[in-house]
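Here's the structure we're looking at; comments come further down.
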Ligand SMILES: Nc1nc2c(c(=O)[nH]1)N[C@H]1C(S)=C(S)[C@@H](COP(=O)(O)O)O[C@H]1N2
Ligand SMILES: [Mo]
C-alpha cells in the first residue's frame, strides 16, 4: 500500500469543530507506569508535580560552562513563581495544535502561554561551549521510563522575527496546565511534532554533544522533522440519498510550509476498497476541487478563554485584533466540502492540502516517519 492511498481508521468526528480543544479532550500520548498524570496525594508531591513542589533544574553535563547551575541539591532549582514572574515581562500567548508524527489526526489545539526557553536559560547566568539542549520530563525516576528530547542551541536562542520560539509553557486555554496535559510546566516546540513538547518538564542539561538524544529517535522517527502541512478527514457519511447534499469535513494541520488550500477529489469507486497505488495513472487525471476553509471567527469572544483579547495573542494585529495571516501556522484549519447532485453509485472521496510552496501532500516528504500526510480517503454510496 502506498503512502498516497492510506485508508484512515474511523476517526472520531472532530468534536463540534470548536476552535480550541478542551484540555481533557486532547488525545493523550504518554508513557510511564504509572502514567505521571495518575499520581495523587503524596506521590504527586514526591514527584514534584504540584505547583508548590515543581522545580526546574538547569545544568551542564560537564562538557559546557554554566555559570550558575540551578539544582535541586543546593535548592537553587527554579520554581513556578519564578517562571510566572518572568511571564510578566516575557510571557507570550499563542495558538498551537499538538500533532504526533505517527497519528493521522491533530491531538488537540490550545491557546498556550509560556516564556521563551532562551529567557529561562538566563537564570543560569553566562553559558559557553553549548551545542545542544537536552530536556526531560518526570517519569517515575525510572531510567527505563524516561522520555526525553533535545534541540540545537541555535534553535533555542534565535528565531526569525515572524516565528514562534521554543516555550517553557505554564498555561493552557487560560488555566494552569493540568497534570493530564503535562503541567505544571511543559516544553512547547511550536514547529515540531508532539515528541519535542515534553510534559512534566523538570530538567534541562546543556551539552557540547552535537547529537540528538530524543527518545523518539528509537522507532525510526525523523526527530528533526518540522510539522507537516496535511489534511485529515472526519468520518463522514457512508450512505446518502440521491439528491441530498453531501458534506465531508476535516481538519488541516498548517505546518512549517504553510497552507494555501485544501482540495478534494471525488471519484467513482474503482472496486479496490479505496486503495489506490501511488503509481496508479488515475492520480495524473484527478480533478481536484477546492474545499472551503473556515474563516477566522468573527467574534473571537466565544473562541478564546474568558478574559483573553485577540490582540494579546501572538500573530494577531494588536490594533485590529485580527490574525495577520489565516490560517495560522502550527494551528489547525477546519475545512468542509459540499457536493450536490451526485448520481447514484459508489464513490471514493479524497482530500489533500497544498502548501505555500505549491507542494500538494504528501510531497515533498511522503516518508510517514517524518509526519503523517498521506492522502486520506473515505468511501460512500449514493442510493
Ligand atoms: N514526559 C513526556 N512528554 C511527552 C510524552 C511522554 O510520553 N512523556 N509524549 C510525547 C508525544 S510522543 C506526544 S505526540 C505529545 C502528546 O501530547 P498530548 O498528550 O498533550 O496530546 O506529548 C509528548 N510529550
Ligand atoms: Mo507522539
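The values are calculated or read from the model by the stated rules, or taken from the named source; none is laboratory data. Owing to the predicted nature of the structure, the values given are computational and were not obtained by experimental measurement. We place every Cβ from the backbone using ideal geometry, glycine too, and count neighbours over all the protein chains shown.
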Residue under question is residue 168, and the condition is that it be touching a helix residue (DSSP H, G or I) at 6+ places or on another chain (Cβ under 7 Å), part of a helix (DSSP H, G or I) and away from ligand 2 (no atom under 15 Å from the Cβ); does it hold?
no
Matching residues in region 100-130 - criterion: being more than 10 Å from ligand 1 (Cβ to nearest atom) and in contact with a helix residue (DSSP H, G or I) (Cβ under 6 Å, 6 or more places away or on another chain)
115, 117, 118, 119, 130
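Being surrounded by fewer than 19 Cβ atoms within 10 Å (Cβ to Cβ), more than 30 Å from residue 53 (Cβ to Cβ) and at pLDDT below 95, is that true of even one residue in region 224-235? Spell out the reasoning first.
Filtering region 224-235 for residues surrounded by fewer than 19 Cβ atoms within 10 Å (Cβ to Cβ) gives 224, 226, 235.
Filter again for more than 30 Å from residue 53 (Cβ to Cβ), leaving 224, 226, 235.
From what's left, at pLDDT below 95: 235.
Yes: region 224-235 contains one or more residues that are surrounded by fewer than 19 Cβ atoms within 10 Å (Cβ to Cβ), more than 30 Å from residue 53 (Cβ to Cβ) and at pLDDT below 95.
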Matching residues in region 55-71 - criterion: being in a loop (DSSP other than H, G, I, E, B) and in contact (Cβ under 8 Å) with a residue 60 or more places away in the chain:
61, 63, 64, 67
Quickly run through region 97-149 and pick out the residues that are free of Cβ contacts under 8 Å to residues at least 60 places away in the same chain and under 30 Å from residue 367 (Cα atoms).
144
Just for strands (runs of 3 or more DSSP E) wholly inside region 176-274: which have at least 2 residues that are more than 16 Å from ligand 1 (Cβ to nearest atom)?
201-207, 230-233, 246-253, 261-268
Near pairs, Cβ below 8 angstrom, 6+ apart or cross-chain, from region 28-53 (closer than 22 Å to residue 97 by Cβ) to any residue that is more than 16 Å from ligand 2 (Cβ to nearest atom) and modelled with pLDDT under 95:
none
Which of the residues that make up region 330-364 are out of contact with any strand residue (DSSP E or B) (no Cβ under 8 Å at 6 or more places or on another chain) and modelled with pLDDT under 95?
341
State the number of residues belonging to region 138-147 that are buried (at least 20 other Cβ atoms within 10 Å of the Cβ) and out of contact with any helix residue (DSSP H, G or I) (no Cβ under 7 Å at 6 or more places or on another chain).
0
So which residues in region 87-137 are over 20 Å from the mean Cα position of the chain (by Cα), outside any strand (DSSP E or B) and crowded, with 23+ Cβ neighbours inside 10 Å, if there are any at all?
120
Out of curiosity, is residue 28 assigned to a loop (DSSP other than H, G, I, E, B) and within 16 Å of ligand 1 (Cβ to nearest atom)?
yes
Consider residue 179 carefully, then state whether it is under 16 Å from the mean Cα position of the chain (by Cα) and in contact (Cβ under 8 Å) with a residue 40 or more places away in the chain.
no
Could you tell me whether any residue of region 239-253 is at pLDDT 95 or above, under 19 Å from the mean Cα position of the chain (by Cα) and surrounded by fewer than 21 Cβ atoms within 10 Å (Cβ to Cβ)?
no
Has region 298-320 got any residue that is within 24 Å of residue 375 (Cβ to Cβ), surrounded by fewer than 20 Cβ atoms within 10 Å (Cβ to Cβ) and in contact (Cβ under 8 Å) with a residue 40 or more places away in the chain?
no
Inspect region 21-40 for any residue being under 23 Å from residue 74 (Cα atoms) and away from ligand 2 (no atom under 16 Å from the Cβ) and give the result as yes or no.
no
